[in-house]
1. Quick one: angle between helix A:124-141 and the longest Cα principal axis of chain A, in degrees between 0 and 90, rounded to 10, please.
2. Obtain the radius of gyration and the Kirkwood radius of the stretch C:2-103 from its C-alpha atoms and give Rg over Rh.
3. For chain D, what's the relative contact order in percent, using C-alpha pairs closer than 8 Å and at least 6 residues apart?
4. To make sure I understand, if each residue's beta carbon is the centre and we count other beta carbons within 10 Å, what order do D:22, C:110, D:327 fall in, fewest to most?
5. Distance between the C-alpha centers of the stretch D:410-483 and the stretch A:31-64? Whole Å please.
6. What order, most packed first, do the peptides D:5-15, A:306-316 have when packing is the mean number of other Cβ atoms within 10 Å of each residue?
7. With angles folded into 0 to 90 degrees, how steeply does helix D:55-77 sit against the dominant principal axis of chain D? Use alpha carbons for both and round to 10.
8. Taking the DSSP beta bridges in the protein assembly as shown as the whole, what percent of them are antiparallel, to the nearest 5?
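None of the figures in this text is laboratory data; all of them are computed from the coordinates on show. Keep in mind that this is a model prediction, so the values were computed, not measured. With ideal geometry, Cβ positions are generated from the backbone for all residues, glycine too; neighbour counts draw on all protein chains shown.
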């Protein structure tokens, strides 16, 4: 047998210097061979549309780093670990639903509260869908597989949250009327209700943020933290106040995903700020461009919380959101000294 | 003299090879340069003269390749003349 | 009484690696944990005599392939089950060289726990 | 379990298109990334995935699959199973990892392209799972060869191959960039999921898994069948997409996309699967020839499934059928001859018994191809090994990037002229192996023209020195990595 003459102990192109790579590193590092390739990322004509798209929105982004490969997802999630984690979390979520369904929880809800759910909670699936597909965009344009994969898993997290809302829409409709499970009704709220319009304007515009780093900043540092705080904290608290513990607990459960999301997006933001002196200015520039729209969106939605039987005033909702987003912002911004 | 990239097929071989010849080479020399990659390798050797066909015309062995109207990347067929 | 034995080098045992070496009658598990920490323990699982070097090391925790018993290789303590620990040999690093101290009492050195 | 079943609420999670009020829909779905502009936006609401799955079901199913597959890997990894495998089969596995692991990962880009730029929310949701699937396939097919590095260092090419300009890499990278990485969402659905996955890989993976089990490669067999179950699910995005396209009067465009990619998929299959099935897999584990496999599975599948949609056979169908008799044999001869330039050990597969099998399965094989192997065999036997190695490059096709083997087509009676087909675009000469490759190029020259084949790189000075040593170095192979004959020439020396 004229086999190979030597054996290898690790990837020849991802040698960590006498350190055994862990499973995450083995299946993540150096996967984006196409980033920065000459004359173009992909083996079609360099001027073909998608080569040009990547050259403009990825290689051409104002935010750059010397080696994107140095960034790792703090949770070190590869597919296998993500799936195992979420398998456990879904079992938990199913048990939550089981428990409340056994108590016929929905039937006991105040119709005035169900109306709030119909106006705020159920149409939120449109917003989550935008977060889902924008995460897929960030993932496909990201300069390293660590960012791509984390962003793809995040997209799946949004789909998870969205599907539980769809589940709840149907189950609520069984005791509170078929309109709740009518997409046309939810879509009308999303498209026409004044409380949703600033959010819709923001999210429709988010889909047009094509520079990958702007998309990351807008989605992960500005828009999503605010929406997550609004729904998974402020609205969950409102649900509890209105004796809808099922909604509250499902939102909290989804909040676990959001926390994991902030771990990697915060870490990436810190990495970006430290990578090159100019990056800070771009990130903060984008942040200041997107923040006013987010503020308007949150304000308009916060106004609906007052219609609940046990209401919350808009100011306190805003405060909850501000507190959460400021805390997250500090975690990546103030951790890095300005240069 | 200048380098002249050509593709050439030795009849009976499986593939067409890329070669770089000199435009001052004779057709005989071009034929040999292409035969080198096929004859005795995948095509059995024979004791027959080797000829070159360019654009349907069999070249005279002494013809200078650069004066045949050939262009870079043109294809020539090479074969045993039996 | 015990003797020091050169058993491996850091080039043999990368960070994240485990390996089995023999010193006289002793079968020894070497482990290179994150942060240039090298440990030596009994090489055979105290549960049912599987070689620990075939186990999976994830960070500091080694899972034996025999019956999935887990050990914290920082300390040698059982993680699951927890009522069991590995016999530990002293380790000395000089430059690249890894040396292990083995008692010269002529007895085998291992703990046993039946599960 | 929660009281509602998936079908009770599923539509509420996918009926999520809306009318854009603050931005232009055309800006949300730029044509170069979406490709859906031919069909009016509201027509996409009819998009209906045949196979439905919820997130809950997805994670529950996948965790089971992963547990099974990784447990088997761990068990096999501790055994001597890999060492005992036939050398030709090892080549199948090593070639597969280098050529396929990275494309599988890249397919997550294609899926994410559909997940963002697909025009229906139902499609985008389905593609979100497809994105995860392809991350899985990329990761599992690099993790497994990583585990083999101690025994089979060329498993390194699972990660390394796409970082190089190896000629096989160039061919697969060009293909998959065209098919799904640098492609729009609509074309990805039709070309990746409908044409490649439904048309070829679903079937091939089944066959390959069965072969793996047959030769005793339990690890690879379980890996491949586990992947196949994911593919079978997400491949179903093609069907509703082509249906929407056809129902809205764009059958011709759908046909064009299918014709374009069916040919390219055929080329890649001839290279990877053709060689594996007819030359590398040990003789007593071969259940059918590559030609029989394509006829029984791909052709039949194509006839049944593609024609259900009123699509026609591609215009080159006769040429395709004709090539089943000869094309991959020619490619095999070239790959074996260029064995130092590939990362696996090429298995000649032409011992007397194997030649008998080839002649039986491909009547005329001896006449058309056996005589090349006669010369090669003689050179091996007489110790004239130098003559069995190449000194220059074959001319590569400017579309499929594979060697132009029309000369073999002449021997097989399929062509009368061995000359490469030509096309001049903006003053540059392009050469092609076949009419379909030239047709694909000339239909959209701006998509391909700026790319250089490996031969172009030799001719234009990118490869230095311009000799075989320079070529091998350019391709990223260290000397220890040069492929060698898998059987150490036993096929030539022994067994008469």
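1. 0 degrees
2. Reported Rg/Rh (Cα atoms, Kirkwood Rh): 0.94.
3. Rounded, it is 17 percent for chain D.
4. D:22, C:110, D:327
5. 23 Å
6. In decreasing order of mean packing, D:5-15, A:306-316 become D:5-15, A:306-316.
7. The angle comes out at about 20 degrees.
8. Of the beta bridges lying entirely in the protein assembly as shown, close to 90 percent run antiparallel.
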